[in-house]
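Only the coordinates and a few stated rules stand behind these numbers; no lab work does. Treat the numbers as computed from the prediction; the structure is a model and nothing was measured. Because the Cβ atoms are built from the backbone with ideal geometry, glycine has one as well, and the counts that use them run over all protein chains shown.
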Amino acid sequence: MSDTELLEISKKLNVLISLSLRQLINDRDFSQKRKKKGVGDLARYLFNMGLDAKAIAEILQAPLHSIRTLLTPTRRK
């Protein structure tokens, strides 16, 4: 497989993961743009499952720099 094909597969898998997470957290209104509670917990969960910060940001629809900050051990309480 080429890098382009792998990138497309990765994007599709991220969409599926995102939709599954939204169902799990009962996020019924997908169009509402508000700060989501528990993004830090979800980010750490996905990171522990082996995803990198960029993929997590795409899945959670959060800025990459915010995800990196959340995943920095010194920033956690």
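Stretch Q23-Y45 to full length: gain in nm at 0.36 nm per residue minus the Cα-Cα span?
Numbers: separation 22, 0.36 × 22 = 7.92 nm, distance 1.60 nm.
Computed gain between Q23 and Y45 is 6.3 nm.
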Practice prompt. Arrange the peptides 13-23, 58-68 so that the one whose residues have, on average, the most other Cβ atoms within 10 Å appears first.
Written response: 58-68, 13-23
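Multiplying the sequence separation of K54 and T4 by 0.36 nm and subtracting their Cα-Cα distance, what value in nm do you get? Could you put the intermediate results ahead of the total?
Working: separation 50, 0.36 × 50 = 18.00 nm, distance 1.68 nm.
Full-extension gain reported as 16.3 nm.
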Response to the item:
Along the stretch 14-23, Karplus-curve 3J(HN,Hα) (6.51, -1.76, 1.60; θ = phi - 60°) to the nearest Hz, with x for Gly and Pro, reads 4, 5, 4, 5, 4, 5, 5, 5, 4, 5
